[in-house]
Amino acid sequence: MAELQSIDKANELLRKMSGDIKALPMPMGLSDFKAVINDKYTYVDKTLFVEEVLNSSANVILITRPRRWGKTLGMSMLRYFLSLEVDSKGKEVENNPNRSLFDNFEIAKTDKINEQGKHPVIFLTLKDINGNSYKEIENNLMQKMSEVFWEFIYLHDAFKKNTFIANEADIDQFDRIRRRLADKSDITGSIKLLSRLLSNYHGKAPFVLIDEYDVPLNNSYNTVYYDDTLSLMKGFLGAGIKDNEYMKRGVVTGVFKIAKSGLWTGMNNSSDYSILSREYAQYFGFTENEVEALLCQANIGDETIKSSVKEWYNGYNIGGVTMYNPWSIINFFSRLQVAPYWINTESAVAGEGRLSTEVMITEQVHDEINLLIANFGKETLKITINPEVVFVTINQEADSLWGLLLFGGYLSVEKFTYDSMGRVVAQAKIPNKEVLSIYNNSISLWVKKKLLIDQKKFDALGESFSLEDIDCVRTTINETLELYENRIAEESESIFHGLIQSLCLLKGEKHRLASESRSGLGRIDSIFYPVVGKSNTIIIHEYKIIKDFKDEAQLKTVLSDAIWQIYEKIYMDVPLLNNKYFDGGCSGVELRAIVILCNPVTGRKFTCEIMTRNHSIGEMKEIAKAFQSRPKDRVRIGILKSEVDAEVEKYMKIYM
């Protein structure tokens, strides 16, 4: 495919330039800010994130970004900036040792540098809180809070030495948590307890930083213990950040804002910032200027390589800021090779499911996924998105599925508005070639699952496929039907529509599937526009299925009706009005009726028949005018195959 050819060319250039360019020491897989700076890894300055957090009026800030987008490193940086240090006796250290970490960064040029090391901070990441049972999740959360409490052992010691006055019950609970002897109620109140003790000890309320808050819920979705996990997290986060009067400010990160969970209901003065928000946009991911600076550091000036990096990793519109995928960029500069990196880190998003193997292959969005692939780099697709992920409706509602794909990093949106139900109505696209490869794989998987075939058989299917070659199309469809076996009798026309469309999309390189779903007086099944320089023919498909085949006369009638429908419904209206599709040399239109036969009398289980009609662009324009001019109540049904051309000619004479 073309995208793989561009990779090969860029990588060949990188190999030839190996003596002149240099790999950068990128913090691949590192999320501890202090280690990144002290070990002299390349760090793209995101420290002004601190300034925006300190200037915020929100009590709780929720920031959602896709996986591997630098959330944990950003939170770690925020922690090292804010956090005060104490000595072995629990006394605050005046010259904070972490101050030097920020000397060479933008935050040091602002007055906020005076806030460095001045605040107690509770920091925890929930990215490892998962398990195969509720008890395992609860135990892992207990272990995490035990580690956090041990960081503040000086509170316990000061109480025992009578240098810190605290409620004895609070200290007993502190002890149970750090010794991993806590029960669910202890864990639920653990952040609030620690906030209260820190606030009383230091005389100032702590910042609470919670990274990857939604991992426990994402991993337990669609399991028998999801409700128990949800109950645990509602109590834990509710007491910890929603009802915590001892907290100065909370900053929470995750992939999704999970709706209908009760986690965010009734939270006062909270703000959430998703990839649709301008605020904090530049602090997660890399901007175009930042990537350009990295290219300069690596001595990479070749435009072919730079273009390939952009095509593969750029294209995310985050609140109006164009961003690169940070994980892929880090890997590229570490290895000096253009390759699909982010796709290989995909983890479970909803229970055991993955977006590329579960959400992308669901029937609710299959046709739209095909269109996104077909229109990559050319057009956007209008979709409706639920801005808050609702796990309970993932398998039923398309807007929930689109929400998963958007906030999971598999879509980018351009212009968007909100409808009366608060849903996002957006023009969406696949952001780059790396993500496009994920979509292509998902469509291949959908076809393989439908046909119950492995990769080898899929590769062999339509190996020399050409959409323009009608015999090749017929053969490939028949091969598909043979693989599909007797299930054909139970399926609807839309399944075959999807299968044929997917095969044409994946196997054909001379045409692209169009985004129009309606044209003239009806809905087009499939319309394929030629790729400039590779073809000059527009192809329109109308699909029909005969579940109880009787005789050849019936077949002729259905084929003729399907062809006639294209004329009568004026499906040719869009391609003819859309001059941009044939300005590059398109000269003809081919109309196809593709009929699937079940249990034909020929003795075969099933097969397909195809009727075609070919017209020049000029002829098609004249035919369209004739059908547009005819009386609205003029309906013609059941025309025999031999009569179609005569009927069209008659319309031309009457209405032109």
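The values are calculated or read from the model by the stated rules, or taken from the named source; none is laboratory data. Fair warning: this is a prediction, and the values are worked out from it, not measured in the lab. In this analysis, Cβ positions are derived from the backbone assuming ideal geometry, glycine residues included, and neighbour counts consider all displayed protein chains.
A quick yes/no check of all residues on (1) assigned to a strand (DSSP E or B); (2) among the β-branched types (Val, Ile, Thr); (3) in the same structural domain as Ser83 (by TED's automatic domain parsing); (4) within 22 Å of Met75 (Cβ to Cβ):
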{"residue": "Ala182", "(1), (2), (3), (4)": "no, no, no, no"}
{"residue": "Ile191", "(1), (2), (3), (4)": "no, yes, no, yes"}
{"residue": "Arg196", "(1), (2), (3), (4)": "no, no, no, no"}
{"residue": "Ile210", "(1), (2), (3), (4)": "yes, yes, yes, yes"}
{"residue": "Pro216", "(1), (2), (3), (4)": "no, no, yes, yes"}
{"residue": "Asn222", "(1), (2), (3), (4)": "no, no, yes, no"}
{"residue": "Met233", "(1), (2), (3), (4)": "no, no, yes, yes"}
{"residue": "Val252", "(1), (2), (3), (4)": "yes, yes, yes, yes"}
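Do we find that Phe105 is more than 28 Å from the chain's Cα centre (by Cα), buried (at least 21 other Cβ atoms within 10 Å of the Cβ) and touching a residue at least 12 places away in the same chain (Cβ under 8 Å) in this structure? Full working, then the answer.
Details: more than 28 Å from the chain's Cα centre (by Cα): yes; buried (at least 21 other Cβ atoms within 10 Å of the Cβ): no; touching a residue at least 12 places away in the same chain (Cβ under 8 Å): yes.
No.
How many of the residues in segment 73-118 are under 15 Å from Asp45 (Cα atoms), hydroxyl-bearing (Ser, Thr, Tyr) and touching a strand residue (DSSP E or B) at 6+ places or on another chain (Cβ under 7 Å)?
0
Here are some conditions: (1) in contact with a Ser or Thr (Cβ under 8 Å, 6 or more places away or on another chain); (2) over 17 Å from Leu84 (Cβ atoms); (3) surrounded by fewer than 22 Cβ atoms within 10 Å (Cβ to Cβ); (4) modelled with pLDDT of 95 or more. Ile210 meets all but one. Which one does it not meet?
(3) is the only condition that Ile210 fails.
Is there a residue being surrounded by fewer than 18 Cβ atoms within 10 Å (Cβ to Cβ) and β-branched (Val, Ile, Thr) anywhere in segment 133-148?
yes
Give the residue that is modelled with the highest pLDDT, with candidates limited to residues of segment 514-558 that are under 21 Å from Lys625 (Cβ atoms) and among the small types (Gly, Ala, Ser).
Top of the filtered list is Gly522.
Condition check: of a type in the set (D, E, K, R) and surrounded by 21 or more Cβ atoms within 10 Å (Cβ to Cβ). Does Asp183 satisfy that? Spell out how you get there, then give the answer.
Numbers: of a type in the set (D, E, K, R): yes; surrounded by 21 or more Cβ atoms within 10 Å (Cβ to Cβ): no.
In short, no.
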